[in-house]
Amino acid sequence: MRFMLPFVVFAMCSPVIGDEKAFFFQKGDRIVFLGDSITEQYQYSTYIELYLTTRFPDWDLTFLNAGIGGDSANGGAGRFQSHVLDEKPSAVTINFGMNDAGYGKFDAARNKQYVDKTATMLEMAKKASVRVGLVSPNAVDRRGRPNFALYVETQKEFYAPLKDLAEKHGASFVDQYAVTRAALEKMEADKADKVIPFGDGFHTSTPGGLLMAHAILTGLGAKAAVSGATLTVGTGQVQAQGTGCKIENSAMKDGSLSFERTDAAIPMPVMKDWLTLLPYVNNLTDLNHYGLTVKGLGRGDYTIAIDGVAVGSATHDELSKGINLGNATSGPLHDQGSKAFQAIQAKNQIVHNRFRNVLMFNAPDWLADVAKELKPLEMVKKKAQIDAKQKEIYAMVKPTTRKFSITPK
């Protein structure tokens, strides 16, 4: 007969320790994503929004998208007042350059206009005390597009002035071009032909949206850790320590460990069509690390379950070193985040309608008086709809106490 001593539980919690680099986005921000058709696709911007909403459920952020297909820095500068500053943002990301360079050889005249118009936007933002994240465009994918072998080199030279331009005007800079090019070249080396971030070579597919969002967020100082739980099973006791979470009611019985975990935030849900891209974004360990470490378990394989639903498996050695459950594509936490993701997408249909059909609407002369009266009212109406949807989304991502179990197979 096996004799078991009663287990003593020690639980400690501490907040997530931030990285040294200050994060660009801040609590209470009103954010505008400015750019061309890649921005208007609402993919990278939605994934950035998903990260910010799940990671900071009490930040009360507002997200607007001012992307217009075919646009350039010249167009962005021309509409910067009406489409950005008039929205009273506290932060804006500027992502122009794909169309500016002309998809061919480097053109000095084009580049001068690009630099000058980008500088105009940075000056306007600085004068209005709006923080700017200046982003170089994604590198084009030369696989299957012979003409892009030239253009990807043009891009490098064309975007080269952006870093100094951002520094001069006090803006943050993300060299998305360099990051995405390195990822694409790794795909080439791996012969990963089934990994297609950009369907036509430059517009995003869903993996491409993640590649861009990852590059932008990490480049702007996003934090890696959602939270982390470390439990050590010893003779007669279980020690539990939480970082960004609270651990309670730990227990060990018949070789299985159970505990309750209450997090300050939930992980960003990983979509199944992102999976092929994960090796090229560090498996999201630098953006979406929902950690679990269990030391002292008996040798063997274990099933990890949350609220009774299996979300993964690991060996005792893997658990001892620590695993990332943030990439789970099923389970209660994933379902919670996925519902919020769907709600964000639905809300952004209203955001897009407001931008394209109300803000950008220009009435003919014979309707000018009517439009002058009704347009502001419709803007107020749309804002109320967006705010209500955002409030619902924040309610969806509110963390709850979850019961974990680590069970031998």
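The values are calculated or read from the model by the stated rules, or taken from the named source; none is laboratory data. Since this is a predicted model, take the numbers as computed values, not measurements. Every residue, glycine among them, receives a Cβ derived from its backbone with ideal geometry; neighbour counts consider all protein chains shown.
General observations
- Across the range 202-217, the number of residues qualifying as over 15 Å from VAL270 (Cβ atoms) and either surrounded by fewer than 20 Cβ atoms within 10 Å (Cβ to Cβ) or out of contact with any Asp or Glu (no Cβ under 9 Å at 6 or more places or on another chain) (or both) comes to 5.
- Residue match in the range 327-334 (condition: touching a His at 6+ places or on another chain (Cβ under 7 Å) and within 21 Å of THR243 (Cα to Cα)): yes
- Residue-level check: of (1) over 30 Å from PRO197 (Cα atoms); (2) in a helix (DSSP H, G or I); (3) out of contact with any strand residue (DSSP E or B) (no Cβ under 7 Å at 6 or more places or on another chain); (4) not aromatic (Phe, Trp, Tyr), ARG299 misses just (2).
- Condition met for ASP286 (among the acidic types (Asp, Glu), under 26 Å from the mean Cα position of the chain (by Cα), on the phi < 0 side of the Ramachandran plot and in a helix (DSSP H, G or I)): no
- Count of the range 141-155 residues which are within 14 Å of PHE106 (Cβ to Cβ) and crowded, with 16+ Cβ neighbours inside 10 Å: 4
- The residue that is surrounded by the most Cβ atoms within 10 Å (Cβ to Cβ), counting only those in the range 223-249 that are touching a Pro at 6+ places or on another chain (Cβ under 9 Å) and part of a loop (DSSP other than H, G, I, E, B), is GLY244.
Residue-by-condition table, conditions (1) under 23 Å from PHE25 (Cβ atoms); (2) of a type in the set (Asp, Glu):
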position: ALA128; (1), (2): yes, no
position: ASN138; (1), (2): yes, no
position: ASP141; (1), (2): no, yes
position: LYS156; (1), (2): no, no
position: LEU162; (1), (2): yes, no
position: GLY170; (1), (2): yes, no
position: MET187; (1), (2): no, no
position: LYS191; (1), (2): no, no
position: PRO197; (1), (2): no, no
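- Hits in the range 52-89 (condition: part of a loop (DSSP other than H, G, I, E, B), farther than 29 Å from PRO267 by Cβ and among the acidic types (Asp, Glu)): ASP71
- Residue in the range 351-360 that is exposed (fewer than 12 other Cβ atoms within 10 Å of the Cβ) and at pLDDT 95 or above present: yes
Quick grid of which residues meet (1) crowded, with 20+ Cβ neighbours inside 10 Å; (2) at negative phi; (3) not hydroxyl-bearing (Ser, Thr, Tyr):
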| residue | (1), (2), (3) |
| --- | --- |
| ALA22 | no, yes, yes |
| GLU40 | yes, yes, yes |
| TYR44 | yes, yes, no |
| ILE48 | yes, yes, yes |
| GLY75 | no, yes, yes |
| SER82 | no, yes, no |
| ILE94 | yes, yes, yes |
| GLY102 | no, no, yes |
| ALA109 | no, yes, yes |
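- Number of positions in the range 362-395 that are at pLDDT below 95 and either among the β-branched types (Val, Ile, Thr) or in a loop (DSSP other than H, G, I, E, B) (or both): 4
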